[in-house]
Amino acid sequence: MITIPTAPNVGEMLKNYIKTNRKYKSGIANWLGVGRSAVNKYVGKADMNISTLWRLSHVLQYNFFADVGAQLPPEFTAVTENPLQARLTELEKQKADLELQLKTLKEAIELMGRK
């Protein structure tokens with residue numbers, strides 16, 4: 001049998017976000033088209049529907065899913081590779097190659113100037 005750790009408390013995450021970023025529950029409720037009591041329920045519950053978390057992420061422009069994912073063990077792999085990370089890695093390799101070429105050219109110019 002696999003031991004599964006307790007799921008993160010999404011309501012607590014939302015509560016901390018609201019407090020840290022000084023958001024008003026009434027404003028969030030208006031953006032979501034729900035009553036303030038609904039937002040109070042969200043912060044008071046340990047878990048919530050994915051569609052609700054999705055809507056909260058868009059309304060608050062914050063990726064709560066990344067926070068949840070960050071709590072998974074590091075050996076878990078993502079289903080898809082982040083294309084931006086792959087591009088960044090490619091550009092860093094190109095930069096290193098260009099820096100090496102520049103160093104080589106500078107050394108060649110310096111050697112030619114000594115003759």
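The values are calculated or read from the model by the stated rules, or taken from the named source; none is laboratory data. Quick caveat: nothing in here was measured; it's all calculated off a predicted structure. Glycine also receives a Cβ, built like all others from the backbone with ideal geometry; neighbour counts cover every protein chain displayed.
Of the residues making up the stretch 67-113, just one is surrounded by 10 or more Cβ atoms within 10 Å (Cβ to Cβ), hydrophobic (A, V, I, L, M, F, W, C) and in contact with a helix residue (DSSP H, G or I) (Cβ under 9 Å, 6 or more places away or on another chain), namely Val68. Asp67: in the same structural domain as Asn21 (by TED's automatic domain parsing), acidic (Asp, Glu), under 30 Å from Thr6 (Cα atoms) and outside any loop (DSSP other than H, G, I, E, B), yes or no? Yes; evaluated as a whole, the condition is true for this residue. Identify all residues within the stretch 48-75 that are farther than 12 Å from Tyr17 by Cβ and either touching a residue at least 40 places away in the same chain (Cβ under 8 Å) or touching a strand residue (DSSP E or B) at 6+ places or on another chain (Cβ under 8 Å) (or both); write none if there are none. Val68, Gln71, listed by residue number.
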